[in-house]
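> One structure follows; several queries about it will come next.
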Amino acid sequence: MSGPKDDPTIEDYDGPAGGFGSLKAVGKVAIGENVPDMLLTMRHQNKPDGFMCVSCAWGKPAEPLPFEYCENGAKATAWEITRKRTDEAFFEKYTMAELAGWLDHDLEEAGRLTMPMRWDVTSDKYVPVSWGTAFAEIGHELRALQDDPDQTIFYVSGRASLEASYMFQLLARLYGTNNLPDSSNMCHESTSVALPESIGVSVGTVTLQDFETTDLMLYFGHNVATNSPRMLHQFQAAKQRGATIISVNPLRERGLERFKNPQSPSQMLSGDETVISDTILQVAVGGDIAAITGICKALVAMDDACAEIGKAGPTDREALLARTEDDGGFSIKAGAAAAKARRVLDHDFIAEHTQGFEAFADYCRAADWGEIERVSALTRPALERVAEQYAAADKAMGIYGMGLTQQVHGTETVQMLVNLLLLRGNIGKSGTGICPVRGHSNVQGQRTVGVTEKPELAPLDKLKELYDFEPPRHEGYTTVTGCEAMIDGRVKAFIALGGNFTRAAPDIPRVEDAWRKLRLTVAIATKLNRSHIVHGEIAYLLPCLGRIEIDEQATGPQAVSIESSLAQFHGSRGRVAPASPELMSEPAIIAAIATAALPENPKVPWTDWTGDYALIRKAIERTWPATFAGLNDRMFTPGGIERPVAARERKWNTRSGKANFLLPTAMFGGTGESYGEAGVLQLTTVRSNDQFNTSIYGYHDRFRGVNGTRMVVFMNGADATALGVAADDLVDLTTAIDDGHSRVVRGLRVIPYDIPRGSCAAYFPEATPLVPLGHHDLHAHTPAYKAVPVRVSASHTAPQRAV
């Protein structure tokens, strides 16, 4: 691990993703966290009967590699099993005022929490408290607010297990609220809104097996080597058998370019590398709808040209029957007709399985190439070449990350990618599908077990039947509306199951100010972070076991389960001794809070659940029998239990009963305010390869050549010149949105970079103070951390603190 430097260096890194750079980073983290036996522990990572990674949510194969983890997965494991401790002696040394001056990296680097703590107003320190006292006071405070349950927010980080998440959502609803914002609100909520409208499911349709047969991958808005590096194994295998990968992203990230597999002796001992992308289209920030529109427009034009000469159109089955006398003849002619029907667009699929095609085709025909090129920063010939490659591929999939979802028009951007796949029937057969790459290790699974603010997405009637209570039927707070309610004083308490909410949320200064005014903040956590240092009038730290630790309960060692981003359920079993004998498990803590805060309910066996997590899984099965059939018995099946996803079978659970072509309302994915004005750049937030979400492991973004700082802005060199700044100059970024609030991040070092003109990039969460709460997806309320309009000016003050 490395801290910021007084003299940071910016220099090109020529190495591939993976390779010796990754091996060196893994060794460094093992030494830095004082875990020399880490590699022994990691033999079980992402393996059947082992523990599932606490970092990303990528799929776990039935036949894992000898080392089924990546560089960032190793960092996350070391971060959790570190030998460092923030114990009683640590908290005796520092006041919260002193710790408020620490970097977020340093707070987490201090080590694992070891005992329950309560903030003491007199000393301004966290002091030890017994578990019983903590639960009694938390229960008292929650009961005092229960005349209006919506004064309390129950927040869930994407890391909590299916079992803990199920209990937590039940706690919230028994308490009387649907205030259940979670990590999904801040990343892939746009997916959860877009896909049900388009194809009738809220998750992707791709499996790991689809990577073995696909011909073409269209890869949008995701940095694979930093956010989900194990995907590179699927990409590498696909490229080795001849598949094509076309990447669309503002930055030429190293993982999009080339990969050296650390588990391949032949690659590691030679100069051999795998080229990942056949084409990289550097789309402008916020230009994805325009880019996809261009591809679709080219496809429709190609198909129209074929139709004019009679070489495109749906199969006329009745005419074929009339022209043939036997099954053999019909079969031959039907095959030829099907090929004609899919020469460019798949007209048979469109006719049988979709609705809205003609309106979408007309939208494409009417789209102006000049606007497409201006908004996307891509040329017509480049987009037409992609269309030709896509039309030539028998099987294609669309893969995307938060580069698409975290825009004002994020939902529509995702739906445009679905439209592109529907044009050629690329959903619902082997080697095809839509693949959202979600972030945290169980963020998708939490939604599956009812963590949602939307009552229509939770089985409220079933919960009422099982637990004999009347669940709340009104909509709860999202991350955005919850922050607004805190600022307005409507929220008084915040119970956090993991996470670092005040760092992950937009509009950080305003949110932190409101956070300090809360009556109660409770953090169920493994490590100290900024959301604990900024706290309410009454504040508790409740230290919990991590997923990698042995969880011993009344019936013996327990296991938990998670859902990967490919919709498979996996069991996870801890392998290392707990960081402290005083730690409680997440289910045990949730049960204790529920017992202290809620009236007794004989239908809810909190104590029994704590003693035997199999009982929680059986309760989950009873709540969703079709989705979780056999969860408890089969959770350690190699490759996981495949969740039923109707669209994989071309069953469309939409209002129309079909897959829907849906039209965007704008070509630019951001806000129209100040768009195109002189001096305004569109900012995207990015992560370094030395972080995961808000956890900053170090200050070396190896792939981008940044070492010793995170206070940088990546700019196109021509933009920098036009704005009168140069490499290494310190600049301020100011949000170019007029909503009555000034938002500035100061002292960012300019790095000229290969990024389209009019676009710039800075690290998350350092740049999130620039994102207004009102700058969010219009449909899903996902904070729009991409396409944030900013102005650049020379900085005349010292740099703001890094994270």
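The values are calculated or read from the model by the stated rules, or taken from the named source; none is laboratory data. Quantities reported herein were computed from a predicted structural model and do not represent experimental measurements. No Cβ is skipped: glycine too gets one built from the backbone with ideal geometry, and neighbour counts run over all protein chains shown. Only protein heavy atoms, including side chains, enter the accessible area calculation; ligands, DNA and RNA are left aside. Shrake-Rupley method; radii C 1.70, N 1.55, O 1.52, S 1.80 Å.
> Show me the helices (runs of 4 or more DSSP H) entirely contained within the range 574-634 in which 1 or more residues are of a type in the set (A, V, I, L, M, F, W, C), at pLDDT 95 or above and out of contact with any Phe, Trp or Tyr (no Cβ under 7 Å at 6 or more places or on another chain). I'd like the intermediate steps shown before the answer.
On the way: elements: 586-597, 606-611, 613-623, 631-634.
Once the helices (runs of 4 or more DSSP H) in the range 574-634 are filtered for at least 1 residues that are of a type in the set (A, V, I, L, M, F, W, C), at pLDDT 95 or above and out of contact with any Phe, Trp or Tyr (no Cβ under 7 Å at 6 or more places or on another chain), what remains is 586-597, 606-611, 613-623.
> To continue, here is another question. Identify the residue in the range 156-176 that is among the polar types (S, T, N, Q) and in a loop (DSSP other than H, G, I, E, B) and, among all such residues, is surrounded by the most Cβ atoms within 10 Å (Cβ to Cβ).
Residues of the range 156-176 among the polar types (S, T, N, Q): 157, 161, 165, 169.
After this cut, where a residue has to be in a loop (DSSP other than H, G, I, E, B) as well, the list is 157, 161.
Values: SER157: 24, SER161: 28.
Of everything passing the filter in the range 156-176, SER161 is surrounded by the most Cβ atoms within 10 Å (Cβ to Cβ).
> Another question, if that's okay. Could you check the range 1-43 and list, in sequence order, the residues that are farther than 30 Å from MET711 by Cβ and either hydrophobic (A, V, I, L, M, F, W, C) or open to solvent by less than 50 Å² (accessible area, probe 1.4 Å) (or both)?
Initial filter on the range 1-43 (farther than 30 Å from MET711 by Cβ): 36-43.
Across the range 1-43, the qualifying residues are MET38, LEU39, LEU40, THR41, MET42.
> Condition check: within 28 Å of the chain's Cα centre (by Cα) and of a type outside the set (Phe, Trp, Tyr). Does GLY111 satisfy that?
Working: within 28 Å of the chain's Cα centre (by Cα): yes; of a type outside the set (Phe, Trp, Tyr): yes.
So GLY111 passes the test.
> May I ask you to list the residues in the range 425-477 that are among the small types (Gly, Ala, Ser) and either outside any loop (DSSP other than H, G, I, E, B) or over 18 Å from ALA164 (Cα atoms) (or both)? Lay out the reasoning, then the answer.
Going residue by residue through the range 425-477, those that are among the small types (Gly, Ala, Ser) are 425, 428, 430-431, 433, 439, 441, 445, 450, 458, 476.
Listed by number, the residues that qualify are GLY425, GLY428, SER430, GLY431, GLY433, GLY439, GLY445, GLY476.
> Could I ask something else about it? Those residues that are under 13 Å from ILE562 (Cα atoms) and open to solvent by less than 40 Å² (accessible area, probe 1.4 Å), I need them from the range 617-642; list them, please.
Hits for the range 617-642 are ARG617, ILE620, PHE628, LEU631, ASN632, MET635, GLY639, GLY640, ILE641.
> When the residues of the range 358-372 are narrowed to those that are open to solvent by 60 Å² or more (accessible area, probe 1.4 Å) and touching a residue at least 12 places away in the same chain (Cβ under 8 Å), which ends up nearest to PRO250 (Cα to Cα)?
Taking the range 358-372 and keeping what is open to solvent by 60 Å² or more (accessible area, probe 1.4 Å), we get 358, 362, 365-366, 368, 371.
Within this subset, residues satisfying the condition of being touching a residue at least 12 places away in the same chain (Cβ under 8 Å) are 365, 371.
Working: ARG365: 26, GLU371: 18 Å.
By that ranking, first place goes to GLU371.
> In the range 73-92, which residues are touching a strand residue (DSSP E or B) at 6+ places or on another chain (Cβ under 9 Å), assigned to a helix (DSSP H, G or I) and surrounded by fewer than 17 Cβ atoms within 10 Å (Cβ to Cβ)?
Across the range 73-92, the qualifying residues are GLU88, GLU92.
For (1) small (Gly, Ala, Ser); (2) open to solvent by less than 10 Å² (accessible area, probe 1.4 Å), each residue gets a yes or a no:
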site	(1), (2)
THR526	no, no
HIS532	no, yes
LEU542	no, yes
THR555	no, no
SER564	yes, yes
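Let's see how each residue does on (1) open to solvent by 10 Å² or more (accessible area, probe 1.4 Å); (2) of a type in the set (D, E, K, R); (3) touching a residue at least 12 places away in the same chain (Cβ under 8 Å):
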position	(1), (2), (3)
PRO436	no, no, yes
HIS440	yes, no, yes
GLN446	no, no, yes
GLU465	yes, yes, no
ASP468	yes, yes, yes
HIS474	yes, no, yes
THR481	yes, no, yes
ARG490	yes, yes, yes
THR502	no, no, yes
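> Go through the range 765-777 residue by residue and tally those that are closer than 26 Å to ARG254 by Cα and either open to solvent by 10 Å² or more (accessible area, probe 1.4 Å) or at pLDDT below 95 (or both). Step through it out loud before you land on a result.
Going through the range 765-777, the residues closer than 26 Å to ARG254 by Cα turn out to be 765-768.
In the following step, the residues that additionally are either open to solvent by 10 Å² or more (accessible area, probe 1.4 Å) or at pLDDT below 95 (or both) were identified as 766.
Of the residues in that region, 1 qualify.
> I've got another one for you. Restricting the search to the range 715-732, which residues are within 28 Å of GLY774 (Cβ to Cβ) and either touching an Asp or Glu at 6+ places or on another chain (Cβ under 8 Å) or open to solvent by less than 40 Å² (accessible area, probe 1.4 Å) (or both)? Steps first, please.
Let us first name the residues in the range 715-732 that are within 28 Å of GLY774 (Cβ to Cβ), namely 715-716, 719, 723, 731-732.
If the condition is that a residue be within 28 Å of GLY774 (Cβ to Cβ) and either touching an Asp or Glu at 6+ places or on another chain (Cβ under 8 Å) or open to solvent by less than 40 Å² (accessible area, probe 1.4 Å) (or both), then MET715, ASN716, ASP719, VAL731, ASP732 are the ones that fit.
> Would you confirm whether any residue within the range 398-414 is of a type in the set (A, V, I, L, M, F, W, C) and over 19 Å from the mean Cα position of the chain (by Cα)?
So in the range 398-414, the residues of a type in the set (A, V, I, L, M, F, W, C) come out as 399, 402, 404, 408, 414.
Imposing the further condition that a residue be over 19 Å from the mean Cα position of the chain (by Cα) reduces the set to none.
Checking the range 398-414: not a single residue is of a type in the set (A, V, I, L, M, F, W, C) and over 19 Å from the mean Cα position of the chain (by Cα).
> Considering only the range 784-792, I want to know if a residue exists there that is in a strand (DSSP E or B), open to solvent by less than 10 Å² (accessible area, probe 1.4 Å), closer than 21 Å to GLN407 by Cβ and aromatic (Phe, Trp, Tyr).
Looking only at the range 784-792, we keep the residues that are in a strand (DSSP E or B), and these are 786-792.
If we keep only those that are open to solvent by less than 10 Å² (accessible area, probe 1.4 Å) as well, we get 787-790.
With closer than 21 Å to GLN407 by Cβ added as a condition, the list becomes 787-790.
If we keep only those that are aromatic (Phe, Trp, Tyr) as well, we get none.
No, the range 784-792 contains no residue that is in a strand (DSSP E or B), open to solvent by less than 10 Å² (accessible area, probe 1.4 Å), closer than 21 Å to GLN407 by Cβ and aromatic (Phe, Trp, Tyr).
> For ARG634, state whether it is among the basic types (Lys, Arg) and in contact with a strand residue (DSSP E or B) (Cβ under 6 Å, 6 or more places away or on another chain).
Yes; evaluated as a whole, the condition is true for this residue.
> Looking at VAL712 and the list (1) modelled with pLDDT of 95 or more; (2) open to solvent by less than 10 Å² (accessible area, probe 1.4 Å); (3) within 20 Å of PRO509 (Cβ to Cβ); (4) not small (Gly, Ala, Ser), which single condition is not satisfied?
Condition (3) is where VAL712 drops out.
> For SER656, are the conditions met, namely being in contact (Cβ under 8 Å) with a residue 24 or more places away in the chain, of a type in the set (Ser, Thr, Tyr) and open to solvent by 20 Å² or more (accessible area, probe 1.4 Å)? Write out each step before concluding.
On the way: in contact (Cβ under 8 Å) with a residue 24 or more places away in the chain: yes; of a type in the set (Ser, Thr, Tyr): yes; open to solvent by 20 Å² or more (accessible area, probe 1.4 Å): yes.
Yes: the conditions hold for SER656.
Matching residues to (1) open to solvent by 10 Å² or more (accessible area, probe 1.4 Å); (2) within 30 Å of GLY242 (Cα to Cα); (3) in contact with a Pro (Cβ under 8 Å, 6 or more places away or on another chain):
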| site | (1), (2), (3) |
| --- | --- |
| ASN178 | no, no, yes |
| ILE199 | no, yes, no |
| SER202 | yes, no, yes |
| THR205 | no, yes, no |
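> Checking the structure you have, find out if any residue of the range 379-386 is touching a Lys or Arg at 6+ places or on another chain (Cβ under 6 Å), touching a residue at least 12 places away in the same chain (Cβ under 8 Å), more than 30 Å from THR623 (Cβ to Cβ) and open to solvent by 20 Å² or more (accessible area, probe 1.4 Å).
From the range 379-386, those touching a Lys or Arg at 6+ places or on another chain (Cβ under 6 Å) are none; that's our starting set.
The answer is no, given that none of the residues of the range 379-386 is touching a Lys or Arg at 6+ places or on another chain (Cβ under 6 Å), touching a residue at least 12 places away in the same chain (Cβ under 8 Å), more than 30 Å from THR623 (Cβ to Cβ) and open to solvent by 20 Å² or more (accessible area, probe 1.4 Å).
> Then there's this: When you check ALA726 against the structure, is it without any contact (Cβ under 8 Å) to a residue 40 or more places away in the chain, outside any strand (DSSP E or B) and of a type in the set (A, V, I, L, M, F, W, C), yes or no? Explain how you work it out, then say what you get.
Numbers: without any contact (Cβ under 8 Å) to a residue 40 or more places away in the chain: yes; outside any strand (DSSP E or B): yes; of a type in the set (A, V, I, L, M, F, W, C): yes.
Answer is yes for this residue.
> Of all the residues that make up the range 390-400, how many are in a helix (DSSP H, G or I) and either of a type in the set (D, E, K, R) or surrounded by fewer than 18 Cβ atoms within 10 Å (Cβ to Cβ) (or both)?
Looking only at the range 390-400, we keep the residues that are in a helix (DSSP H, G or I), and these are 390-392.
Adding the requirement that they be either of a type in the set (D, E, K, R) or surrounded by fewer than 18 Cβ atoms within 10 Å (Cβ to Cβ) (or both) leaves 392.
Final tally of qualifying residues: 1.
> Is it the case that ARG510 is farther than 30 Å from MET397 by Cα, of a type outside the set (S, T, N, Q), under 25 Å from the mean Cα position of the chain (by Cα) and in a loop (DSSP other than H, G, I, E, B)? Can you show your working first?
Details: farther than 30 Å from MET397 by Cα: yes; of a type outside the set (S, T, N, Q): yes; under 25 Å from the mean Cα position of the chain (by Cα): yes; in a loop (DSSP other than H, G, I, E, B): no.
In short, no.
> Could I ask something else about it? Any residue at all in the range 733-741 that is more than 26 Å from SER183 (Cβ to Cβ), in a strand (DSSP E or B) and either open to solvent by 10 Å² or more (accessible area, probe 1.4 Å) or of a type in the set (Val, Ile, Thr) (or both)? Write out each step before concluding.
First, pick out the residues of the range 733-741 that are more than 26 Å from SER183 (Cβ to Cβ): 734, 736, 738, 740.
Those still in the list that are in a strand (DSSP E or B) too: 734.
With either open to solvent by 10 Å² or more (accessible area, probe 1.4 Å) or of a type in the set (Val, Ile, Thr) (or both) added as a condition, the list becomes 734.
Taking every residue of the range 733-741 in turn, at least one turns out to be more than 26 Å from SER183 (Cβ to Cβ), in a strand (DSSP E or B) and either open to solvent by 10 Å² or more (accessible area, probe 1.4 Å) or of a type in the set (Val, Ile, Thr) (or both).
> Please work out which residue is farthest from the chain's Cα centre (by Cα), limiting yourself to the range 544-553 and to residues that are buried (at least 19 other Cβ atoms within 10 Å of the Cβ) and either part of a loop (DSSP other than H, G, I, E, B) or among the hydrophobic types (A, V, I, L, M, F, W, C) (or both). Don't jump to the end; show me each part of the working.
Here is the first cut: in the range 544-553, the residues buried (at least 19 other Cβ atoms within 10 Å of the Cβ) are 544-549, 551.
Add one more test, that the residue is either part of a loop (DSSP other than H, G, I, E, B) or among the hydrophobic types (A, V, I, L, M, F, W, C) (or both), and what stays is 544-548, 551.
On the way: CYS544: 23, LEU545: 23, GLY546: 20, ARG547: 19, ILE548: 21, ASP551: 27 Å.
Within the range 544-553, the match that is farthest from the chain's Cα centre (by Cα) is ASP551.
> Just checking, which of THR671, THR684, THR665 is under 23 Å from ARG254 (Cβ atoms) and either outside any helix (DSSP H, G or I) or open to solvent by 20 Å² or more (accessible area, probe 1.4 Å) (or both)? Break it down into steps so the answer makes sense when it comes.
Numbers: THR671 fails: under 23 Å from ARG254 (Cβ atoms); THR665 fails: under 23 Å from ARG254 (Cβ atoms).
When all the criteria are applied, what remains is THR684.
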